[in-house]
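Here, each number is a calculation from the coordinates, and none is a lab measurement. Given the structure is predicted, the values throughout are model-derived calculations rather than measurements. Please note: Cβ atoms are built from the backbone with ideal geometry, for glycine as well, and neighbour counts cover all protein chains shown.
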Amino acid sequence: MNISAKTEYACLAVLELAIHFGSPEPVRLKVIADKHGIPARFLVQILLQLKGAGMVGSTRGAAGGYQLVRPPAEITLADVMAVIDGSSSTVASAIGQPTQASEALLHEWQKVADVQQDMLRGVNYADLVEQLRPEAESMYYI
């Protein structure tokens, strides 16, 4: 599975917004960019795509920034990846004249792609935020 830098940055940005979900203050672009090493100009383009898809909202002004429009539990990795890379999970052959063997391979590769999409749909941002909770919270004391 190859993930473009743009898709990874988008997933990181949404995760950062999910961490701050419910906060009255929007998250500033500079905070996201600096924390995750994302070029600010590139991040603006990504956030505009996510805003156009109805995942992210923005607030202008000195106290402005970005927030998730929907709860993190309602946004999956597949959702974000579809906005950035497109939603097609169809596998295509590069061979001009398909053979019976190439068709068999293509069929299996498509099954793998379908499983991959199902797995990505099964991971939401609330789950990811939960994974980031400090280990101290999960420790027990005797």
Percent relative contact order for the chain, counting Cα pairs under 8 Å at least six residues apart, stands at 27
Scan the chain and hand back the longest stretch that contains none of the chymotrypsin sites (Phe, Trp or Tyr not before Pro) lying in DSSP loops with at most 10 other Cβ atoms within 10 Å.
1-139
In the chain, with Lys and Arg counted as +1 and Asp and Glu as -1 at Cβ, which of these residues, Gly61, Leu17, Met1, has the Cα nearest the positive end of the dipole, that is, farthest along it?
Gly61
Excluding residues fewer than 8 positions from Lys111 in its own chain, the aspartates and glutamates with Cα under 15 Å of it are Glu103
Compute the helix-to-body angle for 100-121: its Cα long axis versus the longest principal axis of the chain, expressed 0 to 90° and rounded to tens.
20
Simple label model, 7 Å out from Cα along Cβ direction - Arg60 to Gln116, nm:
4.1
For Lys30, list the lysines whose Cα falls under 20 Å from its own Cα; do not include residues on the same chain fewer than 8 positions away.
Lys6, Lys51
Between helix 5-19 and the chain, what is the angle of the helix's C-alpha long axis to the longest principal axis, kept within 0 to 90° and rounded to the nearest 10?
40
What dipole magnitude, in Debye to the nearest 20, does segment 1-48 give about its Cα centre under +1 on Lys/Arg Cβ and -1 on Asp/Glu Cβ?
140
